[in-house]
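The values are calculated or read from the model by the stated rules, or taken from the named source; none is laboratory data. The model shown is predicted, which means the values in this text are computed figures rather than measured ones. Cβ placement follows ideal geometry from the backbone for every residue including glycine, while neighbour counts extend to all protein chains displayed.
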Amino acid sequence: MIFTESFITTLIQEQYKMDVSCKILNGYDELNFLLTDSSDKKYILKIATEEHNPYFLDAQVQMVKLLSKSGLSEKFQHYIATEVSEDIGQIIVEGTKYYYRLLSYLEGVFWVNQNSKSAALARNLGRFLGEMDTVLKDFKHPAAGRHYEWDIKNTLDSRRNLHCIKSHENRRLVGYFLMQFETEVTPHISSLRTATIHNDANDYNVLVNGDAVTGLIDFGDMVHTSLINNLAIACAYAMLDSEKPLEMAVEMVKGYHEKMVLTELEVSLLYYLIAGRFCISLCQSAYNSSLDSVNEHHFITEKPAWNLMHRLIRINPLKAHHEFRLACGFSGLIDSSDNHELILKERQLYIGKNLSISYTKKVKIDKGALQYLYDDQGNTFLDCVNNVSHVGHCHPTVVKAMQKQIATLNTNTRYLNDNIIKYAKELTALLPKELAVCYFTNSGSEANDLAIRMSRHFTKQKDVIVLDHAYHGTSTTAIEMSPYKFDGKGGFGKMPYIHKAQNPDMYRGEFKYRDAEAGEKYAKDVDRIIESLATESKKPAAFICETLLGVGGQIALPPNYLKEVYSKVRNAGGICIADEVQVGFGRVGEKFWGFELQDVVPDIVVLGKPIGNGHPLAAVVTTREIADAFNNGMEYFNTFGGNPVSMATGLAVLQVIEEEELQKNALEVGNYLVNRLAELKPNYDIIGDVRGNGLFVGVELVRDRITLEPAVPEIDTIVEKMKERGFFISTDGPLYNVLKIKPPIIFSKQNADEFVDNLNVVLGEL
């Protein structure tokens, strides 16, 4: 190192006529040295390379000089001039120019080292920043108007380093907040007040003593930008290690507003500005890590920043905005007395009354954030049931793909377009080679309808074999083959060409888990139907079955069940249809498709729900033989099926599943979740069975483990209590006594722990 301690002491003696001892300090950007004179008075020497703009160094000097004339003078370092009255000295060492500055030393404890940080301290920091920004509101310097990567208004620039974040979960989290910044903040930046701000009131720059703020150091990040960013940065770092991060930020907002009145627009953006600061920081840390940096300052806040980001997404943005407004004396945004009477009344007036709504106390969801949902009351819910949002609500990769395509082109399939071909290729590459031809629709119901139509055309038969309690959709044909609907309340009963096979339920059915041949025995019931059809000189057109039973009770099929049934149906001339609408795309973990768990290849596979992550997209994939037969001269046309936006969406979902290794996540987290749920079983007699594959999980609740009497309405109480605790689950099964757990497959082990721990409490309360 050029600048040794002896070199520095000589420099100080020559330029400042001071005899000092020297200690080298670590620094993020510049070189820093702690100097002590003979009277134990301390100073800080800063040395910058010629890469640092001397005009920008002068801007720092001028800003500090302005502050030194204010009532805050004692809270800032002061520049000490050289013997020739220069605030910034120059020296050339080994042909390189350096700039040095000597500053006074501030006493105090760094915020990061303060063991206990009170609400009073947070409010005082807010007041201090408000006072400082009031002094600086008219300060201008040409060098401050720079483009700076640590300026929050440039948050989206950090996307270029997003790929450097190795953890899929963390990269997805930052990607989500970057997308929200683009949506919620960027359109308003030009409307925000601007000023030249300190821009780095972080936990290593703020000095405190008890509840008092004693100083702020390091003006190296100063920039002319949105005024509110100064508060946002301070809030971000004050929240880092706080047990109640939102409360800490609220106190700072309250204090700041006392000294520098905030606008309603500024307050509305603060939550996302705080997140934006950490997006910059974490992307920069990841980039530095990719360069194998050994500078500890590059990673000094990385771990606590990740912890806070994972906590921040659990804070409903509406709640944060509401609390910030109240802190400033503005009216709140949340009416806690709102019971949604108006929206319920209008829904009943304009929407069909048999469109059901979950929960006794209704929930109005305003926003989705990966595995979380936010309501209009400021609550955050962990989504443990919405399997449609397969890779998470508002996944940034999927959203950006949809936005880009819909801004480019969306039309029907009568024109040539690359997207439909590309998606069909990628989709069929994930399926057995026999399944090679795609038809795209808008919903699983429509896809199941088409699959039955194709099977009837191919076999010239009409009769369809389904499983008892099955559900395949809402179209007329789908309802006809869904016992869950036609046998239920308001149902029209079974059509004569629909035949119900026994539900292969190894917990409640005739053949149990302990029976090694349960699959084969349940399959024999299909023989009964085929033989009955034969007496009428008929054959089955198709056998359709979910590859794990959803409405049937979250049931994993017995080993060899589909292998046996498919053989029987094909021998009788029928088509085998795998309904993967709820099961496919890696949810079962061990395999990508549910039918692969049974070691079979269907003749037709029906895809929906997760295929578009909530976008209306579904598909039928079949063999060339069946597809060629279906091409009988009658055009198959679907106005929206296969449109460019849907195809771009489907491609993005496949991309996310592969890049983020979500099938592996579903396996690991699903196994962990099932094991944790199984651990509860010995403690609660109400738990009759825990079952599932991957993140397709069911917990059957019973009043008696011998009689298997369903635990209804106990299960409804559990669902409601879990909702009140911030967890969305639902019920399923023929007797409505099975807890349905099918979260987005980005669900984490931490999510699983939180869910099971809270379920444990709720069960204990029963």
query: Taking the stated definitions as given, is Thr134 of a type in the set (S, T, N, Q) and either over 30 Å from His52 (Cβ atoms) or surrounded by fewer than 21 Cβ atoms within 10 Å (Cβ to Cβ) (or both)?
result: yes
- request: Scan the stretch 702-721 and give yes if some residue there is assigned to a helix (DSSP H, G or I) and polar (S, T, N, Q), otherwise no.
  value: yes
query: Which residues, counting only those in the stretch 592-607, are surrounded by fewer than 23 Cβ atoms within 10 Å (Cβ to Cβ) and either in contact (Cβ under 8 Å) with a residue 24 or more places away in the chain or outside the structural domain of Asp628 (by TED's automatic domain parsing) (or both)?
result: Phe592, Leu597, Asp599, Val600, Val601
field: Residue that is closer than 24 Å to Glu107 by Cβ, part of a helix (DSSP H, G or I) and in contact with a helix residue (DSSP H, G or I) (Cβ under 8 Å, 6 or more places away or on another chain), where the choices are Gly255, Gly220, Gly276
entry: Gly255
- prompt: Can you tell me which residues in the stretch 562-581 are surrounded by fewer than 24 Cβ atoms within 10 Å (Cβ to Cβ) and either within 37 Å of the chain's Cα centre (by Cα) or of a type in the set (Lys, Arg) (or both)?
  reply: Lys563, Lys568, Arg570
- request: Looking at (1) within 43 Å of the chain's Cα centre (by Cα); (2) farther than 24 Å from Arg453 by Cα; (3) surrounded by fewer than 22 Cβ atoms within 10 Å (Cβ to Cβ), find the lone condition where Lys521 falls short.
  value: (1)
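Of the residues Asn737, Asn671, which is more than 30 Å from Tyr415 (Cα to Cα), in contact with a helix residue (DSSP H, G or I) (Cβ under 7 Å, 6 or more places away or on another chain) and either charged (D, E, K, R) or touching a residue at least 24 places away in the same chain (Cβ under 8 Å) (or both)?
Details: Asn671 fails: in contact with a helix residue (DSSP H, G or I) (Cβ under 7 Å, 6 or more places away or on another chain).
When all the criteria are applied, what remains is Asn737.
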- request: Could you name every one of the strands (runs of 3 or more DSSP E) located completely within the stretch 8-90 that has at least 1 residues being within 22 Å of Gly108 (Cβ to Cβ), outside the structural domain of Arg146 (by TED's automatic domain parsing) and out of contact with any strand residue (DSSP E or B) (no Cβ under 7 Å at 6 or more places or on another chain)?
  value: none
- request: Say whether the condition of being modelled with pLDDT of 95 or more, among the acidic types (Asp, Glu) and not in a helix (DSSP H, G or I) is met by at least one residue in the stretch 639-660.
  value: yes
Residue count for the stretch 305-325, restricted to those that are more than 14 Å from the chain's Cα centre (by Cα) and surrounded by fewer than 16 Cβ atoms within 10 Å (Cβ to Cβ): 1
query: Is there a residue in the stretch 1-16 that is touching a Ser or Thr at 6+ places or on another chain (Cβ under 8 Å) and either of a type in the set (A, V, I, L, M) or within 20 Å of Tyr204 (Cβ to Cβ) (or both)?
result: no
- line: All-but-one check, Asn675 against (1) under 24 Å from Asn387 (Cβ atoms); (2) surrounded by 15 or more Cβ atoms within 10 Å (Cβ to Cβ), failing number (2)
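Per-residue answers, yes or no, for (1) crowded, with 24+ Cβ neighbours inside 10 Å; (2) modelled with pLDDT of 95 or more; (3) within 19 Å of Ile365 (Cα to Cα):
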{"position": "Glu720", "(1), (2), (3)": "no, yes, yes"}
{"position": "Arg725", "(1), (2), (3)": "no, yes, yes"}
{"position": "Asn737", "(1), (2), (3)": "yes, yes, no"}
{"position": "Lys740", "(1), (2), (3)": "no, yes, no"}
{"position": "Ile745", "(1), (2), (3)": "yes, yes, no"}
{"position": "Ser748", "(1), (2), (3)": "no, yes, no"}
task: Count, please, the residues in the stretch 136-187 that happen to be more than 25 Å from Leu318 (Cα to Cα), of a type in the set (Asp, Glu) and in contact with a helix residue (DSSP H, G or I) (Cβ under 7 Å, 6 or more places away or on another chain).
output: 1
message: If Glu510 meets every condition in (1) in contact (Cβ under 8 Å) with a residue 40 or more places away in the chain; (2) of a type in the set (Asp, Glu); (3) outside any helix (DSSP H, G or I) apart from one, which number is that one?
response: (1)
query: So which residues in the stretch 492-507 are assigned to a loop (DSSP other than H, G, I, E, B) and of a type in the set (Lys, Arg)?
result: Lys494
field: Checking Gly175 against (1) within 24 Å of Ala59 (Cβ to Cβ); (2) outside any strand (DSSP E or B); (3) small (Gly, Ala, Ser), the condition it does not meet
entry: (1)
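Within the stretch 296-303, is there a residue that is among the hydrophobic types (A, V, I, L, M, F, W, C), assigned by TED's automatic domain parsing to the domain that holds Arg171, in contact (Cβ under 8 Å) with a residue 24 or more places away in the chain and surrounded by fewer than 22 Cβ atoms within 10 Å (Cβ to Cβ)?
First, the residues of the stretch 296-303 that are among the hydrophobic types (A, V, I, L, M, F, W, C): 299-300.
Now narrow it down to the ones that are assigned by TED's automatic domain parsing to the domain that holds Arg171: 299-300.
If we keep only those that are in contact (Cβ under 8 Å) with a residue 24 or more places away in the chain as well, we get 300.
From what is left, the residues that are surrounded by fewer than 22 Cβ atoms within 10 Å (Cβ to Cβ) are 300.
Checked the stretch 296-303: at least one residue is among the hydrophobic types (A, V, I, L, M, F, W, C), assigned by TED's automatic domain parsing to the domain that holds Arg171, in contact (Cβ under 8 Å) with a residue 24 or more places away in the chain and surrounded by fewer than 22 Cβ atoms within 10 Å (Cβ to Cβ).
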field: Qualifying residue in the stretch 111-121 (condition: of a type outside the set (A, V, I, L, M), loosely packed, with under 15 Cβ neighbours inside 10 Å, free of Cβ contacts under 8 Å to residues at least 24 places away in the same chain and in a helix (DSSP H, G or I))
entry: yes
- line: The correct count of residues that are touching a residue at least 12 places away in the same chain (Cβ under 8 Å) and surrounded by fewer than 14 Cβ atoms within 10 Å (Cβ to Cβ) in the stretch 38-53 is 5
